[in-house]
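K.L.:
If you scroll down you'll find the structure; I have some questions about it.
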């Protein structure tokens, strides 16, 4: 009887161990199969709305951020950036939506080093470069290494309502980034302010940069 009892106990131990091992394997498989474009909404210790250099998928302005992040070893991704201190506003100077702007960054036909952190249109916001790294957008290395590049898309279409909606979403995004990184409105600047290039052309020529900054202020309240 004692021998049978010991055999039974050994059998139970083996069965329970098997379940534990298989459970661990299943957990590991689930972790390894996670889509790397999906980001936890848990906050890290530095910024409330930034996880691993990516903005959370939603924010208080109702914008949804989509991720098409370039790998950190890509030539369009710059140096590590401890904390951005400026936001540089651009227009894309074409009719393409934000998603196409980001796709073009990773296109083989695009041989330039130019990049940006965000592209925004009247519907969507796309993040292209991890916030822990600088992008090449401002035309001046010192500014590139301390700034966030925001491209407002569809600036060459004829429909002013769509252009204004894209600008509105751009203002929402800029306000969110200002709050996130404690960037004052005085450091939300145009590409033109850095290099003299006439950019963001639609905001400068039609909408008015002071009007854009006032719109940003309205979303800071």
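The values are calculated or read from the model by the stated rules, or taken from the named source; none is laboratory data. What you are looking at is a predicted structure, and each value in this text was computed from that prediction instead of being measured. As a convention, Cβ positions derive from the backbone with ideal geometry for all residues, glycine included, and neighbour counts pool all protein chains shown.
K.L.:
Criterion first (assigned to a loop (DSSP other than H, G, I, E, B) and touching a strand residue (DSSP E or B) at 6+ places or on another chain (Cβ under 8 Å)) does residue 129 satisfy it?
P.N.:
On the way: assigned to a loop (DSSP other than H, G, I, E, B): yes; touching a strand residue (DSSP E or B) at 6+ places or on another chain (Cβ under 8 Å): yes.
Yes; evaluated as a whole, the condition is true for this residue.
K.L.:
Let me ask you something else. Take residue 139 and tell me if it is assigned by TED's automatic domain parsing to the domain that holds residue 65 and crowded, with 23+ Cβ neighbours inside 10 Å.
P.N.:
Judged against the criteria, residue 139 is not a match.
K.L.:
Now a separate question. When only residues in the stretch 113-136 that are free of Cβ contacts under 8 Å to residues at least 60 places away in the same chain and farther than 26 Å from residue 168 by Cβ count, which is surrounded by the most Cβ atoms within 10 Å (Cβ to Cβ)?
P.N.:
The first filter runs over the stretch 113-136 and keeps only residues free of Cβ contacts under 8 Å to residues at least 60 places away in the same chain, leaving 113-123, 134-135.
Those still in the list that are farther than 26 Å from residue 168 by Cβ too: 113, 134.
Values: 113: 12, 134: 25.
It comes out as 134.
K.L.:
On the basis of being closer than 20 Å to residue 81 by Cβ, touching a residue at least 24 places away in the same chain (Cβ under 8 Å), crowded, with 21+ Cβ neighbours inside 10 Å and under 14 Å from the mean Cα position of the chain (by Cα), does residue 170 make the cut?
P.N.:
no
K.L.:
Right, here's the next one. Residue check: is residue 109 more than 22 Å from residue 192 (Cα to Cα), out of contact with any helix residue (DSSP H, G or I) (no Cβ under 9 Å at 6 or more places or on another chain), surrounded by fewer than 24 Cβ atoms within 10 Å (Cβ to Cβ) and at pLDDT 95 or above?
P.N.:
no
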